[in-house]
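Enquirer: Encoded as structure tokens, here's the structure I'll be asking about.
The values are calculated or read from the model by the stated rules, or taken from the named source; none is laboratory data. These figures come from a predicted structure and were not determined experimentally. We place every Cβ from the backbone using ideal geometry, glycine too, and count neighbours over all the protein chains shown.
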């Protein structure tokens, strides 16, 4: 289970990592989905702290083989329409140039300067390990689509389920909310256990889950919900149908 790997990144024009190709909020939401799914996640080197350097294709061969690798790589990448032009081919980094390798080397100091990305990964791993429902193996889960760019996973337990909501599109108001997997236990409301929009991860803050009596999911976000303590969130309880 992965969002990016060495093949996907190196076999591109600029070797850009996922967080450089999408919005920060979408990247956080997809990271939550990856790290909370029951499958074993794979992180590409530096992904956990949003490494800023590219990952380029590099190789160290003798001169004759080096020329063949350079030629073969250009021909191989020509199968992709975005890199088929001569101009694109001329801009590919030379695999045999030592600078190509140096540009791809991680900077360990970014664990500190990119602290928000590292905190996101650490907290999600802690949630995966320590939450009594999310940590269960084998997991008992089901899923459903909520729209063209939104979906959910429900993690079942005897008395306290968890709900993972992922929305890569604009704000989603579930009015009505006909998906059975969204139903809280025992007529309770849900409450937010974790949010990808928390400021410590670089987010803009998480709006209330229930607004106007309906469940709303912020744009480009992921939420982990748990059952509310009875009476604690009475003001946010959804209206009766």
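Enquirer: From the list 135, 144, exactly one residue is within 20 Å of the chain's Cα centre (by Cα), modelled with pLDDT of 95 or more, outside any strand (DSSP E or B) and surrounded by fewer than 16 Cβ atoms within 10 Å (Cβ to Cβ). Which is it?
Expert: Residue meeting the stated conditions: 135.
Enquirer: Another question about this same structure. State whether the residues of the stretch 48-69 include one that is under 30 Å from residue 223 (Cα atoms), touching a helix residue (DSSP H, G or I) at 6+ places or on another chain (Cβ under 7 Å) and not in a loop (DSSP other than H, G, I, E, B).
Expert: Yes.
Enquirer: Would a scan of the stretch 87-110 turn up a residue that is within 22 Å of the chain's Cα centre (by Cα), in a helix (DSSP H, G or I) and either without any contact (Cβ under 8 Å) to a residue 40 or more places away in the chain or surrounded by 15 or more Cβ atoms within 10 Å (Cβ to Cβ) (or both)?
Expert: Checked the stretch 87-110: at least one residue is within 22 Å of the chain's Cα centre (by Cα), in a helix (DSSP H, G or I) and either without any contact (Cβ under 8 Å) to a residue 40 or more places away in the chain or surrounded by 15 or more Cβ atoms within 10 Å (Cβ to Cβ) (or both).
Enquirer: Let me ask something else about it. Would you mind listing the strands (runs of 3 or more DSSP E) fully within the stretch 155-201 where at least 1 residues are over 18 Å from residue 214 (Cα atoms)?
Expert: Hits in the stretch 155-201: 162-167, 190-195.
Enquirer: Moving to a separate point now. Taking the stated definitions as given, is residue 219 more than 19 Å from the chain's Cα centre (by Cα) and in the same structural domain as residue 122 (by TED's automatic domain parsing)?
Expert: Criteria not met by residue 219.
Enquirer: Can you pull out every residue in the stretch 36-60 that is under 19 Å from residue 127 (Cα atoms) and buried (at least 20 other Cβ atoms within 10 Å of the Cβ)?
Expert: The answer is 36, 47, 49.
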